[in-house]
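Okay, structure first, notes after.
The values are calculated or read from the model by the stated rules, or taken from the named source; none is laboratory data. Computed from a prediction, not measured in an experiment: that's the story for all the values here. A quick note on method: Cβ atoms are made from the backbone with ideal geometry, for glycine too, and the neighbour counts reach across all protein chains shown.
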Amino acid sequence: MTDSESTGPATGPTARPSSGRRALEPGIQRDFSQTMSYGGYLRLDLLLAAQQPLSDPPQHDEMLFIIQHQTSELWLKLLVHELRSARDLVAADDLSPALKRMARVKHIQRVLTDQWSVLATLTPSEYAEIRPFLASSSGFQSAQYREVEFLLGNKDRDMVQVFKHDPDAQSALSALLAEPSLYDEFLRYLHRHGYAVPAEMVERDWSVPHSLSPEVVDVFAGVYADPAQHWIVYETCEELVDMEDNFQQWRFRHLQVVQRTIGGRVGTGGSSGVSFLRRALDITFFPELFEVRSRIGA
């Protein structure tokens, strides 16, 4: 039978659609006057109305700057949500779902780091056109970023004072300052399960940043010497190291983008800019987990 004689539809990898239009299937919802729509569920009316450029005359690149930072704040909100849950699960001796939360955190971190590549398309000349309209606003003032740092253990009482203008943010940070971090809860977990974590590491002033403990390094040296015997603890250690590594990559990418955009200029929030960001690269959340690496195989 020739092609002209075929009475059935074309099939197989060489089949082509009969037209450029895809008809709606009969069961697809069309009337949302009485039911929830996609836009309604996501509150897109509010979300998409939140981009309000201030430049006058309008500058094309301000929309990029606003959306970059608003989407980052949404991802930070999810990071806070996941880190709080992970911390609470560790406190409840439930490591398996806590590890699932940490795995998700790592994916979110990668998205946040990749986003810097979009902002990096903003040239110094383009940024100079919108910088005056930022006034004294700066990413340094992100309360959610500080919540993430507090949850990971980089506590700083002085940072709480930056948010006096925002009582809700200040209250949230004050609460986290006084609570154990995710790492604190992990050390408490180890102590409860018979590992030789010193008692002073499990009941202390949580507002003070954790400092390196040789005894905790010894504990982790034992874990890394026999991973199979301590598998879930070993896995948790590596998840924490992955998260810190991702965080450092985010910090470094941030520094790079700021450097290529404003060079050595002072930041809009009054910081020294690049040099201030560079000093953050020396901050570690989980010092024992990096210190122990010099002991493995020695």
Practice problem: Please find, among HIS81, HIS69, the residue that is touching a residue at least 60 places away in the same chain (Cβ under 8 Å) and either in a helix (DSSP H, G or I) or under 16 Å from HIS107 (Cα atoms) (or both). | Solution: HIS69
Quiz item: Can you name every residue in the stretch 182-210 that is in contact with a helix residue (DSSP H, G or I) (Cβ under 9 Å, 6 or more places away or on another chain) and in a helix (DSSP H, G or I)?
Solution: LEU182, TYR183, ASP184, GLU185, PHE186, LEU187, ARG188, TYR189, LEU190, HIS191, ALA199, MET201
Quiz item: Just to be sure, is SER271 under 23 Å from the mean Cα position of the chain (by Cα), modelled with pLDDT of 90 or more and part of a loop (DSSP other than H, G, I, E, B)?
Solution: no
Quiz prompt | Which listed residue is modelled with pLDDT of 95 or more and surrounded by 13 or more Cβ atoms within 10 Å (Cβ to Cβ), from LEU42, LEU99 | solution = LEU99
Exercise. Among the residues of the stretch 160-181, write down those that are within 19 Å of the chain's Cα centre (by Cα) and either farther than 23 Å from VAL202 by Cβ or assigned to a helix (DSSP H, G or I) (or both).
Key: ALA169, ALA172, LEU173, LEU176, LEU177
Self-check item: Selection status of VAL257, part of a helix (DSSP H, G or I), touching a Pro at 6+ places or on another chain (Cβ under 8 Å) and closer than 28 Å to GLU82 by Cα
Solution: no
Quiz item: In this structure, is ALA228 under 26 Å from LEU122 (Cα atoms), surrounded by fewer than 16 Cβ atoms within 10 Å (Cβ to Cβ) and among the small types (Gly, Ala, Ser)?
Solution: no
Quiz item: Going through the stretch 154-182 one residue at a time, which ones are among the small types (Gly, Ala, Ser) and surrounded by fewer than 21 Cβ atoms within 10 Å (Cβ to Cβ)?
Solution: ALA169, SER171, ALA172, SER174, ALA175, ALA178
Quiz item: Which ones in the stretch 213-232 are without any contact (Cβ under 8 Å) to a residue 40 or more places away in the chain and assigned to a loop (DSSP other than H, G, I, E, B)?
Solution: ASP226, PRO227, ALA228, GLN229, HIS230
Quiz item: Quick one: would you say VAL148 is under 20 Å from ALA280 (Cα atoms) and at pLDDT below 95?
Solution: no
Quiz item: Before we move on, is ALA50 loosely packed, with under 11 Cβ neighbours inside 10 Å, within 26 Å of SER117 (Cα to Cα) and of a type outside the set (S, T, N, Q)?
Solution: yes
